[in-house]
Amino acid sequence: MSLTPKDKAAVKALWAKISKSADAIGSDALSRMLTVYPQTKTYFSHWPDMSPGSAPVKAHGKKVMGGINLAVSKIDDLTNGLLELSEQHAFQLRVDPTNFKILSHCVLVVVSSMFPNDFTPEAHVAFDKFLTAVALALSEKYR
Amino acid sequence: MVEWSDFERATIQDIFSKMEYEVVGPAALSRCLVVYPWTQRYFGNFGNLYNAAAIIANPLVAKHGTTILHGLDRAVKNMDDIKATYAELSVLHSEKLHVDPDNFKLLSDCLTIVVAAKLGKDFTGDVQAAFQKFLAVVVSSLGRQYH
């Protein structure tokens, strides 16, 4: 299920509309993930505060969206474009790949709630495919 | 037995009491058919599903989307025994419709996204958690009679 030229165009078009809200999207998506999927909190036990909208959550949401922004710019070659992040996830973070799906779903929910008119079914399928491809690139070096 | 908090019960009743079935049902089903095109396998006799525009404009898809959403009403009214409430529908989906139960999750994810679009910032993390828990119980009940 690789990204067609049409998918890439749709992702870039959607990103152009939503990227100024990237920090807010990241913070909301991460907060939501920790609330709706409490098992994900196990990765953040070192944070003093895991509550929605807290400083560590906001900072981390911003970081995650920075990664997505990078991925959009490297959409033609995610495997190489995300090499550093891929190594980080494989050797240091070791986040179980099921969680990529979970966070992606939360990002989609947030984008849908913030941009209901832009998040059409066509934009949704392209963006979902893109986030799946990003997850695949991030788990490239796991084993 | 599924335990529901007061907040969860109130949230589910609230969402469905304000639900615009003829808008949300069609939107959720058509989104599912666009985002997960392999689900179209179950709708061979629905006519033109050739592209996203055709799917969204298709009156059979719209009608069926509304039907499916109303199917959730019984669970909303019987939250304390959704499993029994859907036993017959589960048999139907298994024996007659031959629907792979993994598809239930795909449709429920699309429904979540459509409801998020409708409710905007009112679709908080806690509301999402309650809604997804409800749908997870429905999905589990619908898959229960498969053998």
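Observations, loosely collected:
- Hits among lysines - C-alpha to C-alpha of B:Lys83 under 22 Å, sequence gap 8 or more where chains match: B:Lys96, B:Lys105, B:Lys133
- Reciprocal mean inverse distance between Cα atoms of the protein assembly as shown - Kirkwood radius, Å: 20.0
- In a DSSP loop and with at most 14 other Cβ atoms within 10 Å, the trypsin sites (Lys or Arg not before Pro) in region A:34-94 are A:Arg94.
- Ranked list, fewest to most other Cβ atoms within 10 Å of each Cβ, for A:His124, B:His147, B:His70, A:His60: B:His147, B:His70, A:His60, A:His124
- Helical runs (DSSP H, four residues minimum) scored at -39500 (n - 2.57) apiece and divided by the length of chain A put the mean residue ellipticity at 222 nm at -20500 deg cm²/dmol.
- Measuring spread by the Cα atoms of chain A yields a radius of gyration and Dmax of 14.5, 44 Å.
- Span from the region A:53-93 Cα centroid across to the region A:2-43 one, whole angstrom: 11
- Dimensionless Rg ratio for region A:30-90, taking C-alpha atoms and the 2.2 N^0.38 Å reference: 1.29
- If R0 is 35 Å, the Cβ-Cβ spacing of B:Lys18 and B:Glu95 corresponds to a FRET efficiency of close to 0.50.
- Cα gyration tensor, region B:12-143 - rounded (a/c under 1.5), prolate or oblate: oblate
- Only lysine pairs 8 or more places apart or on separate chains count here, and in chain A those with Cα atoms under 12 Å apart total 6.
- Legend: mean number of C-beta atoms from other chains within 10 angstrom of residue C-beta atoms, peptide A:115-128, equals 4.
- Distance between region B:66-134 and region B:2-22 - C-alpha centres, whole angstrom: 12
Here, each number is a calculation from the coordinates, and none is a lab measurement. Owing to the predicted nature of the structure, the values given are computational and were not obtained by experimental measurement. For neighbour counting, all protein chains shown are included, and Cβ atoms are generated from backbone atoms with ideal geometry for every residue, glycine included.
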